[in-house]
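Engineer: Below is the structure I would like to discuss, written out as structure tokens.
Please treat every number below as a calculation from the coordinates, not as lab data. Just so it is clear, the model here is predicted, and its values are computed rather than measured. When we count neighbours, we look across all protein chains shown, and the Cβ atoms used for this are built from the backbone with ideal geometry, even at glycine.
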Amino acid sequence: MAHDLRRKMIAAAAFACLAGPAGAAPPSVQLTLQDHKFTPDHVQVPVGGRFKILVTNLDSTPDEFESPALRVEKIVVPEQTITVFAGPLTPGMYAFYDDYHPETAHGVAEAK
Amino acid sequence: MLASFIIVFREVLEAGLIVGIVLAATVGISRRAPYLWGGVFAGVAGACLVAACIGALSSAFAGNGQDLFDAAILCFAVVMLGWHSVWMARHGREMARQMQDMGASVTSGETTLLAMAAVIAVAILREGSEVVLFLYGIATAAHLTAFAILAGSALGVAAGAAVSWGLYRGLLAIPLRRLFGVTGWLIALLAAGMAGQAAALLANDDIIPAFGYQLWDTSWLLSTGSLLGRALQALVGYSDRPMGIQLAAYAATLATLVCLSKWAGRPKILSKQES
């Protein structure tokens, strides 16, 4: 896909120009929001490295995927999937939630 | 109702703290009201526009559109704040003196008012688009508690605005000859925090190197998830786990603004020779 290609080019450029952190594709976990609930609401994520979280919103209203612990905050409109980067983490539990529906839509990422 | 109050209050507070500082920093500049209100309306209109286009914005630039846009407007606001610092260094002392003598707004400064209106617009646009999307979600879902949620949101806006007005009035309690010194530092810290946030956004997407993803961790003391943590993040760029690049951008911006003010505020060589 064109988006993927562009991401790879940006990553490659960042790596070549700045000797930045871009390298092998980081591992990823997928979360889905439906009926203002996360599936799964407990995910395992790696310790000590960068990883991706993909969030898909299957509801009819916008959500905001947020976690101060993981340092991410991004709006997800209906029928869309967003990608955020997080880590490196130390072992532990990291809470995340949908800021627009925090009572029902929350979960934890377990780094181990 | 409480949940919606908290969400809206938090966003309005974050923007409102910036507006409060801008209001205090522009005291004494004549005809400032239309500019600053213009900034508020531009910010609200921009927030609605961003909210309407958020889907397209998100998927732009390989999914980094939201972050790139945020970083870009933050950098723009930093430049505007720098511009104001230079202007203030040139005019602040004379302004404070004139205000003490006449007790009225006397100095005209249309360019710096434009810059400060832009800062207000950026602050409101950033936080406002989140409020607009939240309210839009409620409006489309249209369930039974919608009224309570809207009432909570309205209270949130009022409370957030009240706190920023309180900050403005509080700053005005500072004696005039000291006021612009204090607002100068607040503006410099505000700009440094914005530059740091922009750098962190770009580094988080691996667009620029992070130089360390977590220099230290003070989340046990004050988390950026808490209300106070968020307020300090908006005001002075507090981060509980800063990245290396974030700290570098923070320090570089703070140093640049302080040096720019000193340089612009130095006595003119010509007047030195005359005296």
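Engineer: Specify the angular offset, from 0 to 90 degrees and rounded to the nearest 10, of the alpha carbon long axis of helix B:146-172 from the longest principal axis of the alpha carbons in chain B.
Structural biologist: Tilt of helix B:146-172: around 20 degrees.
Engineer: Under 10 Å, Cα contacts only: if you run a Gaussian network model on chain B, which one of B:L189, B:L260, B:L17 comes out with the highest mean-square fluctuation?
Structural biologist: Largest GNM mean-square fluctuation: B:L260.
Engineer: Can I ask one more? So if I take the centroid of the Cα atoms in the stretch A:39-98 and the same for the stretch B:94-137, what is the distance between those two points in Å?
Structural biologist: If you average the Cα positions of each part, the centres end up 35 Å apart.
Engineer: Tell me the net charge near B:G109. Cut-off is 12 Å between Cβ atoms, B:G109 excluded, with +1 for each Lys or Arg and -1 for each Asp or Glu.
Structural biologist: So the environment of B:G109 carries a net charge of +1.
Engineer: Looking at the protein assembly as shown, how many pairs of lysines come closer than 18 Å at the Cα, when each pair is eight or more places apart or spans two chains?
Structural biologist: Total qualifying Lys-Lys pairs in the protein assembly as shown comes to 5.
Engineer: Helix-derived [θ] at 222 nm for the protein assembly as shown: sum -39500 (n - 2.57) over DSSP H runs of at least 4, divide by residue count, nearest 500?
Structural biologist: Taking each H run of at least 4 residues, the total per residue is -20500 deg cm²/dmol.
Engineer: Taking every DSSP beta bridge with both residues inside the protein assembly as shown, roughly what % is antiparallel (nearest 5)?
Structural biologist: Roughly 65 percent of the beta bridges in the protein assembly as shown run antiparallel, per DSSP.
Engineer: Something else about it: Roughly how far apart, in whole Å, are the Cα centres of the stretch B:55-81 and the stretch B:200-243?
Structural biologist: Cα centres, the stretch B:55-81 to the stretch B:200-243: 18 Å.
Engineer: Counting only other residues whose beta carbon sits under 15 Å from that of A:V108, what net charge do I get with K and R as +1, D and E as -1? Can you show the working numbers first?
Structural biologist: Values: positive: A:K37, A:K112; negative: A:D41, A:E66, A:D98, A:E110.
Around A:V108, the surrounding residues sum to -2.
Engineer: Through the Karplus equation 6.51 cos²θ - 1.76 cosθ + 1.60, θ set to phi - 60°, convert the phi angles of the stretch B:173-185 into ³J(HN,Hα) values in whole Hz; use x for Gly and Pro.
Structural biologist: Running phi through 6.51 cos²θ - 1.76 cosθ + 1.60 with θ = phi - 60° gives 6, 5, x, 3, 5, 9, 3, 6, x, 5, 5, x, 5 Hz.
Engineer: Sorted by mean Cβ packing within 10 Å, highest first, what order do the peptides B:191-203, B:40-52 take?
Structural biologist: Ranked by mean Cβ neighbours within 10 Å, highest first: B:191-203, B:40-52.
Engineer: Which cross-chain or sequence-distant (5 or more) residues have an amide H under 5 Å from the amide H of A:V29, H modelled 1.01 Å from N in plane?
Structural biologist: A:K52, A:I53, A:L54
Engineer: To continue, here is another question. Please report the net charge: other residues with Cβ closer than 14 Å to the Cβ of A:E79, K and R +1, D and E -1.
Structural biologist: -2
Engineer: Given a Förster distance of 22 angstrom, what is the FRET efficiency for A:K37 paired with B:W216, based on the Cβ-Cβ distance and rounded to 0.05?
Structural biologist: The formula returns an efficiency of 0.05 here.
Engineer: Express the relative contact order of the stretch A:26-111 as a whole percentage, based on alpha carbon pairs under 8 Å and six or more residues apart in sequence.
Structural biologist: Reported as a whole number, the value is 33 percent.
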